[in-house]
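Engineer: Structure below; questions to follow.
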Amino acid sequence: MYILMTKIILASASERRQKLLEQVGINCEVIPSNIDEDSINGDNPGDLVEKLSSAKAENVAERLEGDFVIVAADTVVVKDSRVFGKPSDEKEAFEMLNSLQGNRHEVFTGVTLICVTGGEGLIDTFHVRTIVDMMPMTPKQINAYIQSGEPMDKAGGYGIQGRGAAYIRDVAGDFFNVVGLPISTVLSRLEHMGINLYS
């Protein structure tokens, strides 16, 4: 038996995640969390993104009443054990892209789902890993890409769904995980929780 949920909350200001949900027919309300992400640490990248997504989801859940589903996510890029979030400035964006160009790296997205119905709550937290192989980039190409503005609000300093696609050689795993939300896995996990998001 499935429970139809019509109040879907995305605990993120990410337009990319919102568009992915809308792409599969799910309209959501956006309520960004206000946690201090820098205060959260993890034993490894998977643990880190799970803790971040969990903190985001719980922060938003505390403000809600009634029945709802919360989808919270956090994405990081990892190269040689270094964790890259969003660049703080153009210099850091250049350093990130210069490290990633011509090499393979990993992208981890942690997701937390909180489903509350009839006063009962379920929580599911998991992460998905994707390997990305990036084409070599010259310093001139990197600087031109940075000047487009696209790298500044994205983990690792690039957007695979935007202009950054020009420099992606291969993706092993879930493409949408690199965009910021492993949408098919999210829907599958919700189904296992007994939640139907479609009327």
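The values are calculated or read from the model by the stated rules, or taken from the named source; none is laboratory data. Being a predicted model, the structure only gives us computed values, none of them experimental. Glycine gets a Cβ as well: all are built from the backbone with ideal geometry, and neighbour counts include every protein chain shown. Please note that ligands, DNA and RNA were not included when accessible areas were found on the heavy atoms of the full protein model with its side chains. Shrake-Rupley method; radii C 1.70, N 1.55, O 1.52, S 1.80 Å.
The rows are residues; the columns are (1) within 19 Å of residue 18 (Cβ to Cβ); (2) part of a helix (DSSP H, G or I).
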{"site": "99", "(1), (2)": "no, yes"}
{"site": "108", "(1), (2)": "no, no"}
{"site": "113", "(1), (2)": "yes, no"}
{"site": "127", "(1), (2)": "no, no"}
{"site": "143", "(1), (2)": "no, yes"}
{"site": "152", "(1), (2)": "yes, yes"}
{"site": "161", "(1), (2)": "yes, no"}
{"site": "169", "(1), (2)": "no, no"}
{"site": "191", "(1), (2)": "no, yes"}
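Engineer: Could you pull out the residue among 43, 38, 67 that is surrounded by fewer than 19 Cβ atoms within 10 Å (Cβ to Cβ), touching a residue at least 60 places away in the same chain (Cβ under 8 Å) and not aromatic (Phe, Trp, Tyr)?
Structural biologist: 67
Engineer: Consider residue 191 against the criteria (1) in contact (Cβ under 8 Å) with a residue 40 or more places away in the chain; (2) acidic (Asp, Glu); (3) more than 16 Å from residue 75 (Cβ to Cβ); (4) open to solvent by less than 70 Å² (accessible area, probe 1.4 Å): it satisfies all of them except one. Which criterion is unmet?
Structural biologist: Checking residue 191 against (1) in contact (Cβ under 8 Å) with a residue 40 or more places away in the chain; (2) acidic (Asp, Glu); (3) more than 16 Å from residue 75 (Cβ to Cβ); (4) open to solvent by less than 70 Å² (accessible area, probe 1.4 Å), the one that fails is (4).
Engineer: Can you confirm whether residue 74 is of a type in the set (D, E, K, R), in contact (Cβ under 8 Å) with a residue 12 or more places away in the chain and either buried (at least 22 other Cβ atoms within 10 Å of the Cβ) or farther than 30 Å from residue 9 by Cα (or both)?
Structural biologist: Judged against the criteria, residue 74 is a match.
Engineer: Further question: Output the residues belonging to region 143-158 that are among the hydrophobic types (A, V, I, L, M, F, W, C) and under 23 Å from the mean Cα position of the chain (by Cα).
Structural biologist: Of everything in region 143-158, those that are among the hydrophobic types (A, V, I, L, M, F, W, C) and under 23 Å from the mean Cα position of the chain (by Cα) turn out to be 146, 152, 155.
Engineer: Given the conditions (1) more than 30 Å from residue 169 (Cα to Cα); (2) surrounded by fewer than 20 Cβ atoms within 10 Å (Cβ to Cβ); (3) among the polar types (S, T, N, Q), and given that residue 99 satisfies all but one, which numbered condition is not satisfied?
Structural biologist: (1)
Engineer: In the list 56, 91, 51, which residue meets the criterion of being surrounded by fewer than 17 Cβ atoms within 10 Å (Cβ to Cβ), in a helix (DSSP H, G or I) and either on the phi < 0 side of the Ramachandran plot or not polar (S, T, N, Q) (or both)?
Structural biologist: Answer to the selection: 91.
Engineer: Further question on the same structure: Is it fair to say residue 123 is open to solvent by 50 Å² or more (accessible area, probe 1.4 Å), of a type in the set (A, V, I, L, M), in contact (Cβ under 8 Å) with a residue 12 or more places away in the chain and under 24 Å from residue 61 (Cα atoms)?
Structural biologist: Yes: the conditions hold for residue 123.
Engineer: Filter region 14-31 down to residues that are farther than 12 Å from residue 74 by Cα, of a type outside the set (A, V, I, L, M) and part of a loop (DSSP other than H, G, I, E, B) and give me whichever is most open to solvent (accessible area, probe 1.4 Å).
Structural biologist: Step by step, filter region 14-31, then rank; the result is 27.
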